[in-house]
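In what follows, a single structure is set out as C-alpha cells and then discussed.
Computed from the coordinates by the stated procedures, all read-outs in this text should not be read as laboratory data. Here the structure is a predicted model, which means the values were calculated and not measured. Here Cβ is always computed from backbone atoms with ideal geometry, including for glycine, and neighbour counts include all displayed protein chains.
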Amino acid sequence: MQLALPANSRPLLLKFQSLIALFVLCLGISLLSDKFLTGANFWNVLRQISVNVCISTGMTLVVLTAGIDLSVGSVLALAGAIAAGLLRNGIALTGPDLFIGFTVLGAVVAGLGTGTALGWFNGWVITRFRLPPFVATLAMLTIARGLTMLWTGGFPITGLGDSFDYLGTGWLLGIPVPVWVSGLIVALAVLVTNKTRLGRYIYAIGGSESAARLSGVNINRVKTTVYALAGALAAVGGLLVTARLDSAQPNAGSSYELDSIAAVVIGGTSLAGGRGSILGTVQGAVIIGVLNNGLVLLNVSPFWQQVVKGFVILLAVIIDKSNAKND
Amino acid sequence: MLVAENITKRFAGVTALDKVCLEFPAGQVTAVIGENGAGKSTLMKILSGVYADYEGQIYFRGQPVRFASIRDAQACGIAIIHQELNLVPYLSIAENLFLGRELTTDWGLLDQKQMRRKTQELLTRLKLDVPPDTLVGELKVGQQQVVEIAKALLEESEVIIMDEPTSAISESEVAVLFGLIRDLRREGKAVVYISHKLDELFTIADRYVVLRDGHSIESGPMAGMTPDDIIRKMVGRDITIIRQQAGKTCGEPVVTVRDLCLRHPTRPNENQLKNLSFSVGRGEIVGLFGLMGAGRTELLETLFGLHHGRASGRVWVEGKETFFTAPIGAIKAGLGLVPEDRKRDGLVLGLDVQTNISLADLGNVEKTGLLNRVKEALLARKYITDLRIKTPSEKQEARNLSGGNQQKIVLGKWLATNPRLLMLDEPTRGIDINAKNEIYKLMLQLADAGMGILVASSELPEILAVSDRVLVLSEGRLTAEFSAAEATENAILKAAIPSTI
C-alpha cells in the first residue's frame with residue numbers, strides 16, 4: 001500500500017529502517033548480556049544519550065541548511081566551564097574591589113549565553129565573509145577549546161552544589177532530569193522544523209539556496225540563527241555533562257562533534273542539506289548510545305568500540321545512498 | 001570534407017534537429033546561421049562527438065564515421081572551440097593545452113620542456129604575448145578565449161568548429177583570429193564559424209548554412225548576400241500571433257525605471273546594463289528581447305534586488321520611488337520573478353508542490369505564528385486547479401513533475417503573493433508546446449486582470465506572440481522599442497544584433 005506513493009513512503013521506510021536496526025541491536029545485546037534489559041541500565045543509557053541528543057538536534061538544523069558545525073564539542077566544554085566557574089567563584093573585580101556571586105540560575109543563563117554567542121559568531125563569520133562552514137567552525141573548535149583552558153587554567157572545576165548537580169543527576173516524576181531536558185528540546189525542535197517559518201526556510205535553503213533567496217528568504221539571518229541555536233544546544237549539553245559529573249572538565253566534549261554528526265547521518269539527514277528530520281537524528285543518537293552501552297556491557301575493548309562505530313556509520317550512509325538511488 | 005546527412009536529434013520528446021543535411025567543404029569558411037534555439041549548438045555537439053546518440057549519417061572525407069566521444073572526433077581531426085570556456089584556472093596555459101593528452105618522456109614522466117616549446121609556438125602564432133607558464137586564471141577573458149582556440153589548433157585538425165569565438169575578445173584579437181582563419185583556409189582546412197555578429201560573417205565566411213527550428217533551410221555562397229537577406233532566411237516562418245490588440249490602452253505605469261546601470265562583477269569600468277529607462281503599465285505585457293549576453297536576465301535580477309551594490313538608477317513602483325536591496329523588499333512591493341533556471345532558482349526540487357507554492361509568502365498560511373498545513377494544502381490545491389498543474393497530489397515532490405508543470409508551480413508561488421508586476425525570464429524554455437501555450441494564455445489572462453508583465457526571452461516568436469510592446473536589448477543597451485503593430489521579426493533582430501567591426 002505504501003509502495004503506491006514512493007515520494008511519501010520513502011521517509012516512512014527510512015524511519016522504519018532505523019527502528020528495525022535498533023530493535024535488532026537491542027535484541028542481540030540482550031541475548032548476549034543479562035545486564036542490558038534492566039531498569040537501571042535503561043535509564044543509564046537514556047541519561048547518557050541525552051547529551052548527544054541535545055547537540056545533535058542543533059547539528060541537524062545546521063546540516064539541513066547544508067552546513068556543518070565542528071565546534072559543538074568545544075563550545076560544550078566552554079559553556080560548562082563558564083557556568084561552573086561563575087557558580088563556584090563568581091566574578092571578583094580587582095579594580096573597584098567588587099564581588100559578584102552567581103545563583104544556579106544565573107550560572108545556567110551565563111552558560112547558555114556563552115554557547116549562543118559562540119554559535120552566533122560562527123554564523124556571522126560564515127555569512128559575512130562567505131567562509132565554508134567547515135573552516136569557520138573548525139577554527140571555533142580550537143578557539144573555544146583554548147578559551148576553556150584559559151578559563152579553567154587546565155584544571156577541572158568541581159564542588160558545584162546539589163541544586164546545580166540536580167540538572168545532571170536528579171529525577172523528576174520517575175524520569176532523569178537530563179531526559180526531560182533533551183525530550184523538551186526535541187519536542188521544540190520538531191515544532192520549529194515542521195511548523196514555523198524558520199523551519200521551512202531551513203529546509204528551503206538546504207534544498208536550493210538560490211531558490212530560497214529568490215523567494216525572499218533572508219539567507220544570512222536564517223543561517224546565523226541556526227548556528228546560534230546549535231551553539232545554545234551545545235551549551236545545554238555542556239550544562240548536563242558538568243552537572244552529572246559535578247565537575248567542569250577542561251577537555252570535556254572532545255570529539256563529541258563526531259558522535260553528533262554520526263547521529264545525524266545515521267538518522268537519515270543528508271549532508272548535502274534539505275532532507276532529513278529531528279526524529280531521525282534522535283533515532284541515530286539512540287542507536288549510537290545503545291551500541292556504546294552494549295559494547296561496554298559485552299566487555300569489548302574501547303579500541304574495538306571505535307572500529308565498530310565507524311563501520312556502523314559507513315553502513316548507515318551506504319544504505320541511505322542506495323535508498324536515494326531507488327527514488 | 002565533412003558531410004552530414006539527415007541528422008535527427010531528440011531530447012525527451014523535443015526534436016532539436018530534424019533531418020538536417022549540410023556539408024563543410026575543405027578550404028572554405030562556412031558560417032552556420034540561425035536564431036537561438038535553431039539547433040546550431042546541438043548540431044556542433046554532434047559533429048564534435050559530445051552527443052553520440054543521434055539518427056542520420058556523418059561522412060568524413062567520404063567515409064561514414066560515428067563519433068562516440070570528443071576524443072574520438074579529435075582523433076579523426078575534428079576540433080571544436082566551445083562558446084563557454086573549458087579551462088582550468090589554476091593550471092598554466094601549457095598544462096591546459098595538453099590536459100588529457102600530456103607528452104611524456106621515455107621514463108613516463110611529463111615532458112615539460114617539449115610541451116612548453118609547443119605551447120610557445122602556438123602562442124606566437126596566435127600573437128598572444130604571455131609566457132606558457134602563466135596561470136589561465138590570471139589571463140583576461142579575451143586571452144583565455146585565445147588559449148581555447150590554441151587548444152583546438154594543438155592537434156593537426158582538418159575541421160575546426162568555432163562556436164561564437166569572438167563573444168569575449170577585443171577587436172584587435174578578432175583581427176588576429178581572422179588572420180588565423182585565413183591561414184587555415186589556405187592550408188585547406190574546413191572552418192565552421194558560428195556567430196550572431198553578421199558583419200563578422202560577411203568579413204570572413206565563404207559560404208552560409210541557415211538553420212531554423214531544427215531544419216536546414218538553405219545554403220549557398222556568401223557573395224552577393226546582404227544582411228537583410230540573411231535575416232529574412234533566419235526568420236522566415238509563419239507564427240501564430242495570439243496578442244496584438246493594436247491600440248490597446250494600458251493603465252498608468254506599475255513600474256518605471258530611469259537610468260538603470262549595472263556594473264560588471266569583475267570588470268569595474270564596464271557596465272552590463274547601460275542607462276536603461278522604460279516603464280511597464282498596468283495590464284501591459286512588455287516583451288524584452290535580446291541575444292545571448294544582451295543583459296536580459298541581469299535586468300530582471302537587478303529590478304528584483306539581487307545585484308544591490310552594483311546597481312544604480314531610480315525605480316518607481318506604483319508611483320512610489322524605491323530601490324530594492326534584497327528580493328524580500330521587491331516581493332513586498334509587489335514584484336515577482338520567474339527565473340530562467342527553474343530547477344535551480346525557481347524551485348526547491350526536493351520539497352513538495354505545496355511547500356514550494358507557499359514559500360514566497362508564508363504569511364498566507366500562518367495561524368498564530370505556526371504554519372497551518374491545512375491552509376497550505378488548500379492554497380496549493382487552488383493553484384493546482386487554476387493553473388492545471390498535473391500532479392497526483394499537492395504532496396508530490398517537485399522533482400517528479402514535468403518541466404511545464406514545474407514552471408506552473410513557480411508561477412503559482414508568485415501568484416500566491418498577489419504581485420503587481422510579474423517578471424518572467426525565458427518562461428517556456430524546455431517546455432513542450434502544449435504547456436507553452438497554456439503559459440502564454442495565462443500571461444494574457446493575468447494582464448487582462450490588471451497585472452503588469454515583463455517577459456524576457458531569446459525566442460522571437462514568443463516575444464511576438466504575447467507582447468503589447470517590445471523592448472530590444474543589445475549589449476546592455478536599449479536599442480529599440482516597438483509597439484505590437486510595428487514589431488516585426490526583421491526589425492527586432494536588426495536592433496538586437498550588435499555591431500563589432
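Rg/Rh for the stretch B:2-235 to two decimals, with Rh computed the Kirkwood way over all alpha-carbon pairs. Ratio of gyration radius to Kirkwood radius: 0.98.
Evaluate chain B: find the radius of gyration of its Cα atoms, find its Kirkwood radius, and give the ratio Rg to Rh.
Details: Rg = 25.0 Å, Rh = 24.9 Å.
My calculation of the ratio gives 1.00.
Each of A:VAL24 and B:ASP133 was given a label point 7 Å from its Cα along the Cα-to-Cβ line. The distance between the two points is 5.8 nm.
State, as an integer percentage, the relative contact order of chain B based on alpha-carbon contacts under 8 Å between residues 6 or more apart. Walk me through the numbers before you get to the answer.
Numbers: 1003 pairs, mean separation 79.0, N = 501.
Across chain B, relative contact order equals 16 percent.
Roughly how crowded by other chains is peptide B:365-372, in terms of the mean Cβ count from those chains within 10 Å of each of its Cβ atoms?
Values: counts 2, 3, 1, 0, 3, 7, 6, 1.
The per-residue average across the peptide is 3.
Axis angle, to the nearest 10 degrees, between helix B:373-386 and the longest C-alpha principal axis of chain B: 70 degrees.
Taking the empirical scaling 2.2 N^0.38 Å for compact globular proteins as reference, the stretch B:246-355 has a Cα radius of gyration ratio of 1.16. Against chain B, whose longest principal axis comes from its Cα atoms, helix B:403-415 is set at around 40 degrees. DSSP assigns beta bridges within chain B; of those with both partners inside it, close to 55 percent run antiparallel. Residue by residue along B:136-146, Cβ atoms of other protein chains within 10 Å of the local Cβ number 0 on average.
Based on C-alpha pairs under 8 angstrom that are at least 6 apart in sequence, the stretch A:10-326 has a relative contact order of 33 percent. Under 12 Å from a label point set 7 Å out along the Cα-to-Cβ vector of B:GLU155, the amide N atoms of the stretch B:78-97 belong to B:78-80. Could you list, in their original order, any pairs among B:LYS40/B:LYS197; B:LYS382/B:LYS408; A:LYS321/B:LYS413; B:LYS40/B:LYS441 whose Cα atoms are separated by more than 19 Å? Long pairs (Cα-Cα over 19 Å): A:LYS321/B:LYS413; B:LYS40/B:LYS441. For a quick check: with amide H placed at 1.01 Å from N, whose amide H comes under 5 Å from B:GLY281's, ignoring anything fewer than 5 positions away on the same chain? Counting only residues 5 or more places away or on other chains, the set is B:VAL254.
At an R0 of 60 angstrom, the distance between the Cβ atoms of B:ALA26 and B:ARG258 translates into a FRET efficiency of 0.65.
For a quick check: sort B:LEU17, B:LEU103 by the number of other beta carbons within 10 angstrom, fewest at the front.
Working: B:LEU17 27, B:LEU103 13.
The most exposed by this proxy come first: B:LEU103, B:LEU17.
Helices of chain A meeting both criteria, an alpha-carbon length of 20 angstrom or more along the long axis and an average Kyte-Doolittle score not below 0.0, with helices taken as full DSSP H segments, are A:6-32, A:39-64, A:72-89, A:104-128, A:133-152, A:177-195, A:219-245, A:278-297, A:302-326.
The string of couplings for the stretch B:347-352 from the Karplus curve (6.51, -1.76, 1.60, θ = phi - 60°) is 10, 9, 4, x, 9, 7 Hz, one whole number per residue in order, with x for Gly and Pro. Label-to-label distance for B:GLU187 and B:LYS274 is 3.6 nm, based on points extended 7 Å past Cα in the beta-carbon direction.
Between B:SER69 and B:LEU109, the simple spin-label model (points 7 angstrom out along Cα→Cβ) gives 2.8 nm. Using the alpha carbons alone, the radius of gyration of the stretch B:346-418 stands to its Kirkwood radius in an Rg to Rh ratio of 0.94.
Of interest is the spacing of the C-alpha centroids, which for the stretch B:281-356 and the stretch B:8-87 amounts to 36 Å.
Please give the direction-averaged projected area of the C-alpha convex hull for the protein assembly as shown, in square nanometres with one decimal.
For the protein assembly as shown, the mean projected area of the Cα convex hull comes to 44.4 nm².
Write down the percent of antiparallel bridges among all DSSP beta bridges whose residues are both part of the protein assembly as shown, to the nearest 5. Write out the running numbers ahead of the final one.
Numbers: 55 of 91 bridges.
So the antiparallel bridges in the protein assembly as shown amount to around 60 percent.
Place a +1 charge on the Cβ of each Lys and Arg in chain B and a -1 charge on the Cβ of each Asp and Glu, then give the dipole magnitude about the Cα centre in debye, rounded to the nearest 20.
That gives chain B a dipole magnitude of about 1000 debye.
Each residue in A:LEU279, B:LEU378 was given a count of other beta-carbon atoms within 10 angstrom of its own, and listing them fewest first yields B:LEU378, A:LEU279. Relative contact order, whole percent, for the stretch A:29-126 stands at 20, derived from Cα pairs under 8 Å and 6 or more residues apart. Note on A:LEU297 and A:MET149: with the Förster distance fixed at 30 Å, the Cβ-Cβ geometry gives a FRET efficiency of about 0.30.
Only alpha carbons enter this Debye calculation for chain A, each as an equal point scatterer, and the log10 of I(q)/I(0) it gives at q = 0.06, 0.07, 0.12, 0.15 Å⁻¹ is -0.21, -0.29, -0.84, -1.26. When peptides B:325-334, A:232-241, A:60-69 are ranked by their average number of other Cβ atoms within 10 Å per residue, the highest-first order is A:232-241, A:60-69, B:325-334.
Return B:ILE230, A:ILE175 ranked ascending by Cβ neighbour count within 10 Å, so the fewest neighbours appear first. Kindly include the intermediate steps, with their values, before the conclusion.
Values: B:ILE230 19, A:ILE175 13.
Taking fewest neighbouring Cβ atoms as first place, the list is A:ILE175, B:ILE230.
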